[in-house]
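Colleague: Would you mind keeping the following structure in view while I ask a few things?
The values are calculated or read from the model by the stated rules, or taken from the named source; none is laboratory data. Predicted model, so just to flag it, every value in this text is computed and none were measured. Counting neighbours? That spans all protein chains shown, and the Cβs are built from the backbone with ideal geometry, glycine included. The area values use the complete protein model at the heavy-atom level, side chains included, leaving out ligands, DNA and RNA. Shrake-Rupley method; radii C 1.70, N 1.55, O 1.52, S 1.80 Å.
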Amino acid sequence: MSKLKFMLLFAGLSSLAVDATAQTAYTVTENISPLGPTGPTMLTTIYRDGNRALFDESRGPDKDNPQGYHVRSYNDLAAHTSYTWDLIHPESACGTGTFSDNWGDPFVMFASLKDELTKAGAKEGGMETVNGFASKVLTMTVEGSAVKAWVDSKSGMLIKEQMMPASGPPAVLVDVKQVSMTVPPASAFALPASCKTLASAPKAPTEDEHIAAERGGHAGDYVSAIVMPEANNSKGCSVLVRVVKAGTMEPITSGFQLAVDLTTYDVNHRPSYVRGTGPNGKETVSGGGIRDVTALMKNGAYRIDDPPVYFNMESYWGNAGAAFALVYTQCFGPPQSVLLFVVKDPSNIVKGGDWLWAKSGKFAGK
């Protein structure tokens, strides 16, 4: 199970009188395991000063990164624009992108799901001091493993989270080492030259502007299907997959193949697929639990009953290219959620497309 899922099991359960949105100047340093108990530990420092925030993430060498890993991301919270650079490989170009309001504020993340967690059975178990923080203790059982969390009684922040499986040693998923509620130094937000050049260039459209221009309607009608949601709401609906053309949002019902793996896909141990071209010129794919479901589509839609938390979707467009996506299930039904693959150019898939949940508006539930 991912670190984020465990973190959300405890966010905001205690009745702390803290306004998470009021925390606008701080520095938080923590060790986290983004891939859960079996994954590497990341040292993360988050700096915030008003409308600017910076994430500094690093870990030691491993087989995939023999020189280690050290990346910084600067978020302009007013412009909803981010800039990312690699400190170990400074020759790499600066990356840029846009984001929504949910940018990863640690105070907001840890203060949002009180009602859901109370129903899930999390219990408060007195006070303990951990890492120098007087903290409320929360406990519950998740998928057979005992989980314990410590929440700072002053800030409402999750200070430490530990999983104790039925077999094997305890695993620490979150371990906050230091919290400062003062304004970070200006040097913490310094951009390298390559990022400064991008920052001074004309701004890219925000995610909301991109959605409105590409799909019409309101940006709030859609949510990305390839971003892990803060809360698991994958139960209680079926999924209807549709392919549409960006701009007009007209259905695309031919000229492509659709394949899905609903059974074996694991983000930590990805199955091996074998792809090829059959004698009829159609794409072939095998391995894992993937299967071609094109023939199962009815009226331009493919239905998935009882979807898993996440699954692999692939579409093949002949000479126009192919598209692959790890989709995180979200239920906006009942009885069903609509998953849209919004294709920019069916004759050239390289131009991109977006996997989106229609959570409201004219496509929702249809």
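Colleague: With N set to the number of residues, divide the alpha-carbon radius of gyration of segment 131-189 by 2.2 N^0.38 Å and report two decimals. Working shown, then result.
Modeller: Details: Rg = 14.7 Å, N = 59, 2.2 N^0.38 = 10.4 Å.
Relative to the rule-of-thumb radius for its length, segment 131-189 sits at 1.42.
Colleague: Would you mind checking Lys282/Lys359; Lys235/Lys344; Lys148/Lys359; Lys63/Lys196; Lys298/Lys351; Lys123/Lys160 for any pair whose Cα atoms are more than 23 angstrom apart?
Modeller: Lys282/Lys359; Lys235/Lys344; Lys148/Lys359; Lys63/Lys196; Lys298/Lys351
Colleague: Work out the FRET efficiency for Lys245 and Ala134 from their Cβ-Cβ distance, taking R0 = 41 Å, and round it to the nearest 0.05.
Modeller: Numbers: r = 57 Å, r/R0 = 1.38.
With R0 = 41 Å, the Cβ-Cβ based efficiency is 0.15.
Colleague: With a cut-off of 20 Å, note down the residues of segment 222-241 whose backbone N falls inside the zone around a label point 7 Å from the Cα of Asn65 toward its beta carbon.
Modeller: Only 228 pass the distance filter.
Colleague: What nm distance separates the two modelled labels at Val309 and Ala146, each placed 7 Å from Cα along Cα→Cβ?
Modeller: Between Val309 and Ala146, the simple spin-label model gives 2.2 nm.
Colleague: Okay, moving on. If each residue of separation counts as 0.36 nm, what is the full-extension length gain between Thr41 and Asn280 once their alpha-carbon separation is subtracted?
Modeller: Roughly 81.2 nm would be gained on extension.
Colleague: If you don't mind, there's one more thing I want to ask. For segment 220-366, give the percent of accessible area contributed by carbon and sulfur heavy atoms, probe 1.4 Å, rounded to a whole number.
Modeller: Carbon and sulfur atoms account for 51 percent of the accessible area of segment 220-366.
Colleague: Mind listing the Cα extents of segment 212-366 along all three principal axes, in Å, largest one first?
Modeller: 43, 33, 26
Colleague: Can you give the relative contact order of segment 225-332 as a percent, counting alpha carbon pairs under 8 Å and 6+ residues apart?
Modeller: For segment 225-332, the relative contact order is 39 percent.
Colleague: Then there's this: How would you order 125-138, 337-350, 152-165 from highest to lowest mean count of nearby Cβ atoms within 10 Å?
Modeller: 152-165, 337-350, 125-138
Colleague: Rounded to the nearest 0.05, what FRET efficiency do Leu198 and Ser167 give with R0 = 45 Å and r taken as the Cβ-Cβ distance? Could you check?
Modeller: With a Förster radius of 45 Å, E is 0.35.
Colleague: In addition: Given the protein chains as shown and a 1.4 Å probe, how many square angstrom of Leu77 are accessible, to the nearest 10?
Modeller: 20
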